[in-house]
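Asks: Got a structure for you, written out below as C-alpha cells; questions coming shortly.
Derivation of every value follows stated rules applied to the coordinates shown; laboratory data play no part. Treat the numbers as computed from the prediction; the structure is a model and nothing was measured. Heads up, the Cβs are rebuilt from the backbone with ideal geometry, glycines too, and the neighbour counts pull from every protein chain shown.
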C-alpha cells in the first residue's frame, strides 16, 4: 500500500480521539483514550504518540502507509506556525511548538488546526456539508465554537483567529463574556447560557417549576430547561424560545455577510433535535429580509463526535 | 499595443463614471456622464455605449487595445449569470441580461459586478488595501454598502448576495429597515441614520440646537449633526458618539468572524475625517476581546469616488 492513509486526532481536555482514514476520506478505525491533562504537557504528548501506534496497529498498517497526521487542538493556536499559544483546558500548554515536536517524534508530516475548524472541515468533507462548497458551523456546547469553510477551504483570517462565531456581538451592552466583550452570541445561545439565563430569571423573581431544585443548590442544564418547557413551564418555554430566536439572529447576520450554502449546528444543544431546529428555522424565516429568498439552509451536523477526527485527517491530506 | 487596457464603469442612479486602466491597473483617463435613469433602460444602455467610445477617444486607443470591460451596477444582480435582477435606482431595469447585451454591442468581454463589490475590489487593488490580502469595506452613505475580499478574491457567497454588511443585525428587535429586517447596522450607522436618529430624539422631547430648523421643515444631514455636536450641542454629540459606537460594534463582529487585515470605511460619512475615525477606533479597542491583540485595522478608503471604476477595470482583468 502506498502512503494513502491519513491519521486524524481530536485532542480535548478530557479525551483524545483518533482515527485512520483511507484515500477516499473514509474512517477505517478509531481509538479513544483519556487525555489526563492534569499531568502536564510531556505526559499528554507521550499519550498522543501511544495513540498513533495503537491506531496503526488497529488499522494493520505502518508509518509508510500514512501520508500525514492532522491534529485538532483547542486554541488559540497558529496553524501556519504550528504553535499552541495557550490551551485553557490543557494545563502547561503555553507556546508549544506542537507541529514540529509531533512531526519529529512520529517521522510524519503534521498539520495543526483549531479543533472547531477541524470539526467544521470534517462536516464539509464527509458530513452535513459534503454536497456544498461553503458552510459555517456552530458548535453549541459550554460556549459556541465555530468554523467557516468557503469554496472548500477553511477561512482562518489574518491572525488565524477567524470563525469565532460565538463572539459576534448579538446584544449591544449585553451579558458580559469571559472573553472581555459584552453581548456575545455564546452568552445567549450556548448550552450553558440556556441554563444560566433561566437561573437569572428565577433569581429576578419569575416563577418556575425548577425553582426548588435551584434553591437546593442543584445544577440545572439545558436539557432540564427544555424538559420543563415541554411539561408546561412558561418561564422555561420563554427561555428556550429566546435561545432559538438568538440563534436565528446569529444565522441571519451570517447569511447577510457570507451567504454560505449551509449553517451547520452541532454540539450538546442539538440533542434537543427538532425542538431546537424547527423554532430556529421558523425564527430565521420570519426575521430575515424579503429581498431575496433564503439560500442559506440551517441544518444539524451528521458526524457527531467524529467530525473533529475526520476533519483533521482530511486536513492532513489537503496541505 | 496589445490588448493591455481594461475599461471600468461605475453605473449609478445619477451619474455613470468610466475609466481606462493600463496593464498595471493605473487609471489613464476618466469620463463621467449623467445617467438619465428616468428615460429607461434603452436610453441608459445607449449612453453606456457612448461612454465607452468617449473613453477610447480620450485614451487614444481602439477596441483592439482593450482586454475587457468591468461594469459595476447597483444590485441585486448575478455576476455569474450576468443579469441585473432589479435595480431600484434604475427604473425599468428588471431581469436585464446586461452582460450579454453589452458584450454583443461592444464586441468586448464584459464582467458584471455589484457596485459595492467593485468599489471594495478597487480599494483592494489600488487603494487602502493595496498591501493586504483581505479586507471588508463599508460604504457609509444613504445606506451601508459592503464588499468582502478574502485572499485577494471577492467573496460573493452561494447566491451572490454576500457582503451585505449594512444588513447584519446590530440591535435585536431594533429600528425597522426597508429590507424587512429589524435592527440592521445601516439603520444606526449610515449617513442617513445619523440625521434620522437625531430627528427622532428631538421629537421624543430632547433639547437640541437644531430643533427650530427641523420644526421649520428643513432637512438635517449628518454633516449638520456633527457641526452641532462640535458647537457644544449635547444631544447631537450623543447621537454622533453612538454612531461611532455602533460602527465599532459592527467592526468587532467582522473581526471575530473573518479577522480581515483591514476594515475600510468609505462614503459620505467619512467626510467627517478623524471626527469619525478616531472615536470608531477608540470604541473598537475598548469593546473588543482581550484574548488576542487586534490584527484588524480600521481605516478610510483612499480612492474616493474612483474606487468603483478602478475596481471594475481590475475585475475585467481578473476574470
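Asks: Averaged over B:241-248, how many beta carbons belonging to a partner chain fall within 10 Å of each residue's beta carbon?
Replies: 1
Asks: In Å, the Kirkwood hydrodynamic radius of segment B:272-319 over pairs of distinct alpha carbons? Display every interim value, and only then the final one.
Replies: Details: mean 1/r = 0.0741 Å⁻¹.
Its Kirkwood hydrodynamic radius stands at 13.5 Å.
Asks: Under the rule of -39500 (n - 2.57) per DSSP H run of 4 or more residues, summed and divided by the residues of chain B, what mean residue ellipticity at 222 nm is obtained, to the nearest 500 deg cm²/dmol? Kindly include the intermediate steps, with their values, before the conclusion.
Replies: Working: 10 runs with 122 residues, N = 319.
Roughly -12000 deg cm²/dmol at 222 nm, from the helical runs in chain B.
Asks: Further, regarding this structure: Considering every Cα-Cα pair within segment A:84-126, what fraction, in whole percent, is farther apart than 13 Å? Walk me through the numbers before you get to the answer.
Replies: On the way: 578 of 903 pairs.
That fraction is 64 percent.
Asks: Something else now. Suppose we look only past 36 Å in the calculated P(r) of the protein assembly as shown. What percent of the Cα-Cα pairs does that tail hold?
Replies: Details: 91669 of 203203 pairs.
Distances greater than 36 Å cover 45 percent of the Cα pairs.
Asks: Hey, any idea what the orientation-averaged projected area of the convex hull of segment A:18-79's Cα atoms comes to, in nm²?
Replies: Details: hull surface 20.1 nm².
Taking the Cα atoms of segment A:18-79, their convex hull projects to 5.0 nm² on average.
Asks: Taking the convex hull of the alpha carbon atoms in segment A:131-301, what volume per residue do you get, in Å³? Kindly include the intermediate steps, with their values, before the conclusion.
Replies: On the way: hull volume 21.3 nm³, N = 171.
Once divided by residue count, the hull of segment A:131-301 is 124 Å³.
Asks: Next question, about the same structure. Using the 10 angstrom Cβ neighbour count as an exposure proxy, how do A:246, B:121 rank, fewest first? Provide the component values of the computation, followed by the final result.
Replies: On the way: A:246 23, B:121 33.
By the 10 Å Cβ count, ascending, the order reads A:246, B:121.
Asks: Looking at chain A, send over the antiparallel percent of its DSSP beta bridges, to the nearest 5. Mind showing how you got there, number by number?
Replies: Values: 27 of 47 bridges.
Within chain A, antiparallel bridges account for around 55 percent of the total.
Asks: A further question follows. Please compute the average number of Cβ atoms from other chains found within 10 Å of each residue's Cβ in peptide A:127-136.
Replies: On the way: counts 0, 0, 0, 0, 0, 1, 1, 4, 1, 1.
Mean inter-chain Cβ contacts per residue within 10 Å come to 1.
Asks: Rg and Dmax of segment B:215-307 over Cα atoms: what are they, in angstrom?
Replies: Spelled out, the Cα radius of gyration and Dmax of segment B:215-307 are 14.9, 51 Å.
Asks: Still on this structure, I have one more. Can you pull a Stokes-Einstein diffusion coefficient for segment A:185-229 at 4 °C (1.567 mPa s), Rh from Kirkwood over Cα pairs, as a whole number of µm²/s? It would help to have the intermediate numbers written out before the result.
Replies: On the way: Rh = 10.6 Å.
Answer from the Stokes-Einstein relation: 123 µm²/s.
Asks: Per the Kirkwood treatment, what hydrodynamic radius in Å, one decimal, follows for segment A:1-127 from the mean inverse distance over all distinct Cα pairs? Please list the in-between numbers first.
Replies: Working: mean 1/r = 0.0689 Å⁻¹.
This gives a value of 14.5 Å.
Asks: Any number yet on Rg/Rh for chain A, C-alpha, Kirkwood?
Replies: Numbers: Rg = 20.5 Å, Rh = 20.5 Å.
Rg/Rh for chain A comes to 1.00.
Asks: Let me ask something else. Using only atoms on other chains, find how many Cβ atoms lie within 10 Å of each Cβ of peptide A:207-216 and report the average. Walk me through the numbers on the way to the answer.
Replies: On the way: counts 0, 0, 0, 0, 0, 0, 0, 0, 0, 0.
Neighbouring Cβ atoms belonging to other protein chains average 0 per residue here.
Asks: Out of the DSSP beta bridges found with both residues in the protein assembly as shown, what percent are antiparallel (nearest 5)?
Replies: Working: 54 of 94 bridges.
Percentage antiparallel, nearest 5: 55.
Asks: State log₁₀ I(q)/I(0) for segment B:240-287 at q = 0.13, 0.25 Å⁻¹ as given by the Debye formula over alpha-carbon point scatterers of equal weight, solvent excluded.
Replies: Those come out to -0.27, -0.95, one per q.
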